[in-house]
Each structure stands twice: as C-alpha cells, then as structure tokens.
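First up is the structure itself, then whatever we jot down about it.
The values are calculated or read from the model by the stated rules, or taken from the named source; none is laboratory data. Not measured: the values here are computed from a predicted model. So basically every Cβ, Gly included, is an ideal-geometry build from the backbone, and we count neighbours across all protein chains shown.
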Amino acid sequence: MAIITKLRDKYSWLLITIVGLALVIFILQSLFDFMNSGRGAEGDYGIGLVDGEKVNIDIYNKLSERVQSQDRAQKQQEQKEFTDEDMEAANDKAFNFMVDSTLTKVEYDALGIDVSEREFNAYLMATEGFGVLQDLNQFFVDKATGAISEQSMKTGRIELQKTLTKLKTAKKPEEKAQWEGTKKYFMDRRKNEKYFSLISQGIYVTKVEAREEYLAKKETKSISFVARRYSEINDAEIKISDSELEAYYEEHKGEKKYWNRSNNREVRVFDVSIKPSKADTLAFNKTIAKLRMDFMTSKNDSVLVMNESEMRAYLPGARGIAVPEGHPKANQYMTYPMDYDTIIKLTPIGQLVGPYRVGENFHLSKLMGYSPAKIKARHILISTNGSKDAKVIAKKKQTADSILKVINTLNFAELVQKHSEDPGSKEKGGEYADFLEGDMVKEFGSYCANAPIGKIGVVKTDFGFHIIEVLERDTKKFPILTTVVKSFKASELTTGNMEAEANRLLYKLDQKLAKIDDLSKKIAAFDTLASQNKYFVRPIALEDNNPRVYGLVTTNAMDRILELAYNADAEAGDLLAAPIRDKDKYIIAMLGSIREKGEPTLADAMDRMKKDLIEEKKAKRLMNQMAKTKNLKTLAKKGNTVVEEAQITFSNPSLGNTGYEPEIVGALFSGYVKNGQTTIPLKGKGGVYVIKVNSTKKAPANATYKEEKDQLTSMLKGNIQGMLMGALRKSADVVDNRKLFPRIRS
C-alpha cells in the first residue's frame, strides 16, 4: 500500500519501501509501549523479556503481520512460495526489530543523541556535507546517463522537496501519521549512524598490537613432520570404565570448556525412517511401465498429464521449457538433473526421457523440441492499451509500420526514447537481456527465438505492436518437455509397519528405563538400544532463553519436543509418551538433561568428557609408539605414512593440509624448538606430531606497521555493530519465549 494513496507523482514509489517497520511502530506507540503491556495472562515471561521487562505482545503481533505481508509480497514477485520457514523468519525479524529498537533507544537517551530539524533536512537533501541516501538515489540520478551530476542534484532536490511537502501538509489523520512514520524511519536511522560513529571513535589499535600482527603474518618457519591421526584407531578399541570417567570428571570439571554457558536442555532423539518397501518399489515400477506405454501412444498429451501427473500443469510450447537444476530460472520452469543434459540431447524428438528424480518426485517427460538458452533483444512498444476497437488498432498498426520503414540498428535507441510505451525497457534503450522464449508472451517470444539476428520486424500481442530486433541468441538450447510427475513414497501398509516398529522400540525403552534410576545409565541404555537397532542418536540442544528446535520438519514435531523439554513436570530421563510423526519419519525422544549455567554434572559433561578421554588414550598410545626415534623417515615408515613439508606462520595456525593446530604452531613459535631441532611427540587436535624445524625466516624490518594497524582498525570498525548489539542483548539478558508462550498461556 502506498503511504498516501492519493499521491500520484512519479516518486510515490519511495513511500512504499522506506517506511517499513518504523511506520507500524509509530502508529502503535500512541497505544502501547514496546514493553510492559500489563497483561495478566502472560505468565512471568510473556513472549519475551528485555532487561526484565516484557515485550509487548500486541505490537509484536501487528509488526509480525506487517513483515509477513512484505515478505510474502516479495516472494510473489520472485515467483516463489511463502513457506512456514519464511513465516518464521518474518516473525524473527519483527521480534529482533523490537528488541534492538528498545536497546538502542536506551543508548540514544543516555548519550543525548538526537537529530535537529536542520540536520534531518540536510540528511535527506544531501546538503551540508551529507551524501545521497541510497533510498533516495532515484531523485538525484540523471535519467539519461544513470550518473549523478551537478544539474541532476539541483533538480532532484526540487522534486524531493515537492514530494516531502505533500507528505507534511497532508490533512487526513492517517496520512499525517504516515508522514510521521516516514520521518521517524529516517530520524532513527540517522541516530543509529551517529551512535555507531561515536562508538567507532573509541576504537584504537596500538603499535604493539600492530607489530604482533605484522610478525604473525611475516615470520615463517619451514618444517618437516610426521603426523599420526587419531582416526587411525577405532573408538571401539579404546575401553573406558565408569571409574575412569568419574575420575576424569573430578579432575576436569572445573575447566571452563565443560561449563554450561547458559541454562539449557538437551533432548536425545533417533529417527525411524518411513521408506518404501520392496513391494512398494515393485508397484511403482509397474505404474511407470504402464505410464510409459500410455505416454508413447497418447493422442492427447494434455489429457494424459491432467489425469496422471501429481503436478497437474500442462505447459504447451515454450511454456514447457525445462532448465537444469541450479539454473536461476529453475523456480519458474520444470527442471532436470544436470547429468541428464547429455541423455536429453541424444533423445529423438517425440521420445520419452526418464523417469528422473527432481527433489522428492520422479519425472517422466516427452521431448517436444528445443528453445534457445538465452536471448537478448530490444523493442519499441506501440501500445493498444487493451483496446478492441478496430480503428484504434489499425491506427496503432499504421504507426508501427511507419516506424519500421525508417528504423535501423543505428537509430533504434533514439526511436525507443521517442516512441516506446514500455516503461520496463525504455530507459535501457528498449533492451531485454538474458530471457527465455517462455518468459515473454507467445508472439514476442517466438519471434525472438526464431527470427534472424539483426532482423527488425513487427509483432502483434495483447499489449500492442512490438518493433523487435533480436540482438543475441545463445547457440545452447534447453529442451521443451511435456512432463508427468509421480511421487515414490511408502504405502499406507509400509507406513503402518514403521509406526508399529517405532511403538515397539518405544515400549521396549520404557520397560528398560523404568528399572534404572541413574540418569547417565538411562542415557546409555537409550543410546545402546538405538545403536543395536541401527539407528543414530542425535542431540537437540535447547537454550532456555531462546528455545529453538533444529533438524525437524513439521511444526507439530517441534512443538512435541518443546513440550517434552519444558512441561511443568519435566525431568531429565523422561521419555516421550508416543512416537512423533515428522513427515517421512517417526521420532523417538528422551529428555537427556536439564542444565544450569556453570559447572556441569557428570551426566551433563559425560559425552564431551568421554570423547576427550578417548582422544587422550589414543594420543598416549601414539606418543609411546613415536617416542622411540626422532628420525622422521623411520617414523613415517613405521606408521605407514609419509614425511610432510609445510611453511607456517603464527597467524595461520595450520600444519599444511593436516588441519587447524593452534597449540602446535604456537609452541613452534615460542622458541621451544630451535632451527635444526626435532620435537618430542606433540599432542594436537587431530593427531600426534613429531616436527623438525628446518629454518626460520624473520620478518623484514618495519618502523610503523601502518598497514597492519589500518587493517585491524578497519576490521574492528566493520564488526562493531554486530559485536555491540550482541553485548547489549547479553547485558539486557534478552529472553525469546515465543516458542513456549502458547503452552504457558494454556
């Protein structure tokens, strides 16, 4: 919706895009505050907290609707579906906008950051040292050259001032509110710029820091080494007793790397996949075999497609162009796998291709012909404006014919500016580039796909008469296909069998866990039963301040996991009462832990500590094997590996192609090993290393380290906004409780 619907001048586009969220916030602020709506039924948290204050649910709902509407319109423009994931993303935008606006407003007030009317006017008009805002760029660009000139700046300011005056002097209350929303948008934006500019002034890199950065990049060491990876030893070979794990826990539980950084919960799950059975496969193959026979003998492909295809869309002619997967226009057209490109080229026209898989479906296609993979053309439109009057049409035809008599390649662009009524191409000399035949109306597309390059002709469409010159046409062609789409999925019988399997496993787990009190043993029993039945257990981590379920498909499945983790009586070790159906799988879940911030319990840290203990035992075994000699060739031969070479720097802590090893690289640059010396076996992240330092190349002398200082300063300033907003959120202890809010209210 335009900001002022009666504003008809050519710059009203501005008002559709710039107001966005600020307009909604301005209108609602007279009714509510961002925080503290005061509803009694919202519980302690409502939909979220910022610095202990509830986020206003009324504003959030209205803001979410606005953002969803904007994003849905954008998807429609891109000819894409607005999915549940897109809706979640829109809701997140609304929530984050409210949180960030609340946090920055506090900062602006505390620092006395404001924008005067003079500054605001100069900001919009690009005067007094301000540059042109990207939102307002169209006012200041020379329409002929596409560049900003002194003259275009003058005329742009006049046009912009007229537009703003119309907004400011609007009479209707809603229109006045819309202007205030526009003003607030730019005011807040300028405050934001001033705030982060002010913060950036405090960023300083010392000469010592710059020197360290310089040496880290410029000083190099040439090394030779032998690496023995932990992956050489199977985890199953390493035995860990309960007493060893408990002792390791007591020794290492104070290490920060094991601590819980926040209050969180972990749900352990495994999936029972619903896959087609052998019987389902045989039935599908019979269906495809019959379909092939019917397709080849079909006298009316459109009827067959509408009757047989699960995607009922018969696309005749160029509308049936198919493009390879990954092509930019893949969402507009049927697609085929890249590896089918050659197969299609070898298929005679009129014959079948496939079935081939696209996404979750199978396609069986009949090759109908080919169309150019890319076309570039220019045109002049003499519009009939939808008229059916024969006299009007004849007059327009006469105009087009008269232009055709005088037009040529040299004067085409000039005549476009003079005669064309197509606003979409007029400013580009009438050109449309990189389009397919099916992108255009039938007559226009057909001419561009078949007329000789450089030939200028007239074509009639529903829009009017087009004087067209084909400029370029790719020699590569895409196939035109008539396609029947079939899904290959498990039958109801197979699905029922898998549901029964999931229930059987859940019953068995329930019986076993009921006899166990120790949480770590419950987790072990859950994991063991899954492993014995060849299922893979994966953890789902949930942050209490922002519980999000990843790795699932359906909203219902996500809600069931949250219910298991956050119901009022939730305890670690709880098993879900029934398997969860999540599209093509059943999920079995157990609440593995409820962790409080700080030092972990053994159950909390068991998985991480067991992994580290296994790695330590592998490292000791390898170090003992490698400690017997420092000769690299001998070590390599005994370990059935090779001696590797690498050039290393402190700033890039990797050992050649072996991976990221900061502790090893740090030790080599600490002076621990001199040139020509060989290390004892060193434990790294990926394995054990014995390293010889062949030579060290010192960094060239540098008096100022200016380049490093500038680079570090630029990097810090570039990251300041994200870092600062993250710090403000952390300080305000932001809680996003939207996922749990409906459950709490009920």
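In segment 523-545, is there at least one residue being in contact (Cβ under 8 Å) with a residue 24 or more places away in the chain, surrounded by 13 or more Cβ atoms within 10 Å (Cβ to Cβ) and touching a Gly at 6+ places or on another chain (Cβ under 6 Å)? The answer is yes; a qualifying residue exists.
Restricting segment 172-197 to residues that are under 16 Å from L716 (Cα atoms) and among the hydroxyl-bearing types (S, T, Y), the residue that is surrounded by the most Cβ atoms within 10 Å (Cβ to Cβ) is Y195. Residues in segment 511-535 that are of a type in the set (A, V, I, L, M) and part of a helix (DSSP H, G or I): L513, L519, I523, A524, A525, L529, A530. Scanning segment 548-569 for residues that are under 25 Å from N91 (Cβ atoms) and assigned to a loop (DSSP other than H, G, I, E, B) yields R548, V549, Y550, G551, L552, V553, T554, N567. Considering each residue of segment 392-405 in turn, none proves to be in contact (Cβ under 8 Å) with a residue 60 or more places away in the chain and in a strand (DSSP E or B).
Considering each residue of segment 477-484 in turn, none proves to be loosely packed, with under 14 Cβ neighbours inside 10 Å and under 30 Å from A322 (Cα atoms).
Of the strands (runs of 3 or more DSSP E) contained entirely in segment 438-510, those carrying at least 3 residues that are aliphatic (A, V, I, L, M), touching a Phe, Trp or Tyr at 6+ places or on another chain (Cβ under 8 Å) and farther than 30 Å from L364 by Cβ fall at 456-461.
Could you please let me know if D114 is surrounded by fewer than 16 Cβ atoms within 10 Å (Cβ to Cβ), under 30 Å from M558 (Cβ atoms), in contact (Cβ under 8 Å) with a residue 24 or more places away in the chain and in the same structural domain as Y195 (by TED's automatic domain parsing)? Walk me through it before giving the result.
Numbers: surrounded by fewer than 16 Cβ atoms within 10 Å (Cβ to Cβ): yes; under 30 Å from M558 (Cβ atoms): no; in contact (Cβ under 8 Å) with a residue 24 or more places away in the chain: yes; in the same structural domain as Y195 (by TED's automatic domain parsing): yes.
When the stated conditions are applied, D114 does not pass them.
Please go through segment 117-145 and pick out each residue that is at positive phi and in contact (Cβ under 8 Å) with a residue 12 or more places away in the chain. Matches in segment 117-145: A126 only.
Looking across segment 211-253, the residues that are in contact (Cβ under 8 Å) with a residue 24 or more places away in the chain and among the hydrophobic types (A, V, I, L, M, F, W, C) come down to L215, A216, I223, F225, V226, A227, I233, I238, I240, L245.
A single entry from L740, L655, L716, L712 fulfils the requirement of being within 30 Å of L562 (Cβ to Cβ), modelled with pLDDT under 95 and not basic (K, R): L740. The single condition from (1) modelled with pLDDT under 85; (2) within 29 Å of the chain's Cα centre (by Cα) that D71 fails is (1).
For (1) under 30 Å from G429 (Cα atoms); (2) loosely packed, with under 12 Cβ neighbours inside 10 Å; (3) in the same structural domain as L49 (by TED's automatic domain parsing), each residue gets a yes or a no:
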| residue | (1), (2), (3) |
| --- | --- |
| V67 | no, no, yes |
| D100 | no, no, yes |
| E150 | yes, yes, yes |
| E159 | yes, no, yes |
| T169 | no, yes, yes |
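Can you name the residue in segment 129-185 that is touching a strand residue (DSSP E or B) at 6+ places or on another chain (Cβ under 9 Å) and in a helix (DSSP H, G or I) and is also farthest from R118 (Cα to Cα) among such residues? Within segment 129-185, the match that is farthest from R118 (Cα to Cα) is S152.
Residue pairs whose Cβ atoms lie under 6 Å apart, separated by 6 or more positions or on different chains, with the first residue in segment 421-435 and free of Cβ contacts under 8 Å to residues at least 24 places away in the same chain and the second assigned to a loop (DSSP other than H, G, I, E, B) and surrounded by 14 or more Cβ atoms within 10 Å (Cβ to Cβ), are K426/S420. For segment 92-113, the count of residues that are part of a helix (DSSP H, G or I), closer than 30 Å to D439 by Cβ, modelled with pLDDT of 60 or more and not hydrophobic (A, V, I, L, M, F, W, C) is zero.
Being out of contact with any Gly (no Cβ under 8 Å at 6 or more places or on another chain), surrounded by 16 or more Cβ atoms within 10 Å (Cβ to Cβ) and not charged (D, E, K, R) is a property that V690 has. Of A541, A589, all but one fail to be closer than 29 Å to G254 by Cβ and in a strand (DSSP E or B); the exception is A541. In segment 654-663, the residue that is surrounded by the most Cβ atoms within 10 Å (Cβ to Cβ) out of those that are under 16 Å from V226 (Cβ atoms) and out of contact with any Pro (no Cβ under 8 Å at 6 or more places or on another chain) is L655. Among the residues of segment 198-217, those that are within 17 Å of K717 (Cα to Cα) and exposed (fewer than 12 other Cβ atoms within 10 Å of the Cβ) comprise Q201, G202, Y204, T206.
The condition (being of a type outside the set (K, R) and over 37 Å from the mean Cα position of the chain (by Cα)) is satisfied by just one residue among N264, N300: N300. For the subset of segment 427-451 comprising residues that are surrounded by fewer than 17 Cβ atoms within 10 Å (Cβ to Cβ) and touching a helix residue (DSSP H, G or I) at 6+ places or on another chain (Cβ under 8 Å), which member is nearest to Y370 (Cα to Cα)? Going through the qualifying residues, I end up with S446. State yes or no: is Y689 among the hydroxyl-bearing types (S, T, Y), under 31 Å from the mean Cα position of the chain (by Cα) and either outside the structural domain of L542 (by TED's automatic domain parsing) or within 30 Å of G46 (Cα to Cα) (or both)? Criteria not met by Y689.
Filtered by the rule that a residue be closer than 23 Å to T206 by Cβ and surrounded by 14 or more Cβ atoms within 10 Å (Cβ to Cβ), segment 722-739 gives a lone residue, L724. Each residue in segment 196-252 was checked for being within 39 Å of the chain's Cα centre (by Cα), in a helix (DSSP H, G or I) and under 30 Å from M623 (Cβ atoms), and 8 of them qualify. Residues that are of a type in the set (F, W, Y), under 16 Å from V485 (Cβ atoms) and touching a residue at least 12 places away in the same chain (Cβ under 8 Å) number at least 1 in the following helices (runs of 4 or more DSSP H) confined to segment 254-350: 278-296.
This table checks each residue for (1) closer than 30 Å to D271 by Cα; (2) at pLDDT 90 or above; (3) of a type outside the set (V, I, T).
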residue	(1), (2), (3)
E421	no, no, yes
L436	no, yes, yes
V470	no, yes, no
E492	yes, yes, yes
T495	yes, yes, no
R504	yes, yes, yes
